[in-house]
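Inspection log for the structure reproduced underneath, given as structure tokens.
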Amino acid sequence: MLLRALSATTRSSVHTVTRPQSRLVSIQAAARCPTPRSVITPITLARHSTSDRTANMSSQAQKDITSWASKDGQFRRQTSSFRDSISKDGQFTPDEGRYHLYVSLACPWAHRTLIARSLKGLDKYVSVTVVHSFMGALGWSFYPPVRDEDGGFPQTKGQVGEPDGLAQVDGDPLFGAKFLRELYFKVDPDYSGRFTVPVLWDKKTNSIVNNESSEILRMFNTEFNHLLPKEQADIDLYPEHLRKEIDEQNEWVYDTVNNGVYKSGFATKPEAYESNVVPLFKSLDRLEKILDGGKQFVVGDQLTEADVRLYTTIVRFDPVYHGHFKCNLGSIRHDYPNLNRWCKNLYWNYDAFKSTTDFDHIKQHYYMSHGQINPTRIVPKGPLPPIEPL
Ligand SMILES: N[C@@H](CCC(=O)N[C@@H](CS)C(=O)NCC(=O)O)C(=O)O
């Protein structure tokens, strides 16, 4: 293993949320290799909105959106603000065509929700819009940024322009918004948090149901089951008998791995970087051991949300985090054979994982958007292939 006697710094996690869930039989085989289908519902390109709320920037975080770290050099992820739930008996009932999911294909948190939506076959209930891969000063946009005179992307202006061929963008089909922030302000004109994806939008009440991926993932797992064919209803990513183990693992994997790569990469002081990159690799060592003996899943013998949550970080690791976020005490493909095998199995054998993973979009986002980390905005060619064959 790469790291042995290390002093892990454990920071508090705001992420793990447990809600009562209904009991379901788990038939994981049903999740394997479903009929290939596009995960993204086709959407027509919308016209630019005339109502632009971009001037409404009420908090410091909103004014300085690309300044990720605090004064001490540490990156601290903000707690999500919208925490309602889809449920049969609540305000947000699980009706066909009612919900819309705004995602970035680059974002590992949004990626969780796309995988769950695909595994559970929720296309009819939840349509999807993908934002442009570039995130500038005004946050996620539905259009590519205007290029400046020398062809670069302006980090500070945040204008929108014509498609640039780098990534397919859908436009906002609901309101013709230019920026994701407009949707947040539509719901709450005084919103002072960050404009993050994923956003689960309710088309009926025109509001945000939830913008916390771990909760959206669980809603998708259970709240539509009574409407789904048995094969998909039976897929249970949070089975009763594994909940304790999943919750325990989520806690440290979230803090040191999922968020650990960000805390390493966004650190602006060596001490902040080191205090995160070391625990990150210690946790990768721990996961490598968990997957010993040809194990295919990180908790139990079936696909669970623990695999979904870990996958979206591991699949980005070699293409982005290793170089861009300086997480280079090892790479998945060269130093973690078990994690590599586990990741390749999910990618190549489960359509829900492969069809939602877009390596070009992922690399374009990180290397182009974070000018303070990569001022030339050159997107590296490798690693090739982005994921190894089985
Ligand atoms: N807690 C949120 C975190 C989501 C999140 O941080 N998303 C990032 C993209 S990877 C984002 O949209 N960042 C924009 C910003 O912070 O301005 C979740 O898990 O849903």
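Tabulated data
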| item | result |
| --- | --- |
| Amide H contacts under 5 Å for V209, placed H, 5+ residues apart | L200, W201, D202 |
| Apportionment of accessible area to carbon and sulfur, segment 240-369, percent (1.4 Å) | 49 |
| Set of lysines with alpha-carbon distance to K178 below 19 Å, sequence-local pairs under 8 removed | K63, K157, K186, K203 |
| Mean Cα-pair separation over length for segment 240-369, i.e. relative contact order, pairs under 8 Å, 6 or more apart, % | 24 |
| Counted charge near P94, where neighbours are those whose Cβ lies closer than 9 Å (Asp, Glu -1; Lys, Arg +1) | -1 |
| Alpha-carbon centroids, segment 278-301 and segment 303-321: separation in whole Å | 12 |
| Gap separating the Cα centres of segment 330-390 and segment 184-241, nearest whole Å | 26 |
| Per residue value of the accessible surface for segment 240-369 (all protein chains in place, 1.4 Å probe), Å² | 32 |
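The values are calculated or read from the model by the stated rules, or taken from the named source; none is laboratory data. Predicted model only: the values in this text are computed from it and were never measured. For neighbour counting, all protein chains shown are included, and Cβ atoms are generated from backbone atoms with ideal geometry for every residue, glycine included. Note: accessible area is taken over every heavy atom of the protein model, side chains too, but ligands, DNA and RNA are not part of it. Shrake-Rupley method; radii C 1.70, N 1.55, O 1.52, S 1.80 Å.
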